[in-house]
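Student: Below is one structure. I have some questions about it.
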Amino acid sequence: MSTSEKKLSGRISIGLNPHGQDAAKVQSIVEQALGLAGCARCGRLAFLDFRFGPDPAPEFTHLGAVSVDNELR
């Protein structure tokens, strides 16, 4: 692999709109993410983490929120 083909290892995080989401759209996003990080030749992932946002509480829906997640300590 030449220097121009090398990509730095890294991390990518993509927040998805839950409306109109289907498996084909998610697969397309994963394929594009593989081209941005990891190995340029094989596109391998070392770690895949899925997080599913909860539905917002009623007091946030009128503000246009589609997901609310918080950590109170």
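The values are calculated or read from the model by the stated rules, or taken from the named source; none is laboratory data. All values derive from a computational prediction rather than experimental measurement. Glycine gets a Cβ as well: all are built from the backbone with ideal geometry, and neighbour counts include every protein chain shown.
Student: Is there any pair with a first residue in the range 1-20 that is β-branched (Val, Ile, Thr) and surrounded by 10 or more Cβ atoms within 10 Å (Cβ to Cβ) and a second that is modelled with pLDDT under 75 and part of a loop (DSSP other than H, G, I, E, B) whose Cβ atoms are under 7 Å apart and which are 6 or more apart or on different chains, and what are they?
Tutor: Ile12/Ala37
Student: To continue, here is another question. Would you confirm whether any residue within the range 57-65 is modelled with pLDDT under 80, in a loop (DSSP other than H, G, I, E, B) and exposed (fewer than 10 other Cβ atoms within 10 Å of the Cβ)? Let's see the steps before the verdict.
Tutor: To start, the set of residues in the range 57-65 that are modelled with pLDDT under 80 comprises none.
No, the range 57-65 has no match at all.
Student: Would you call Arg51 in a loop (DSSP other than H, G, I, E, B) and modelled with pLDDT under 75? Let's see the steps before the verdict.
Tutor: Numbers: in a loop (DSSP other than H, G, I, E, B): yes; modelled with pLDDT under 75: no.
Against the criterion (in a loop (DSSP other than H, G, I, E, B) and modelled with pLDDT under 75), Arg51 does not qualify.
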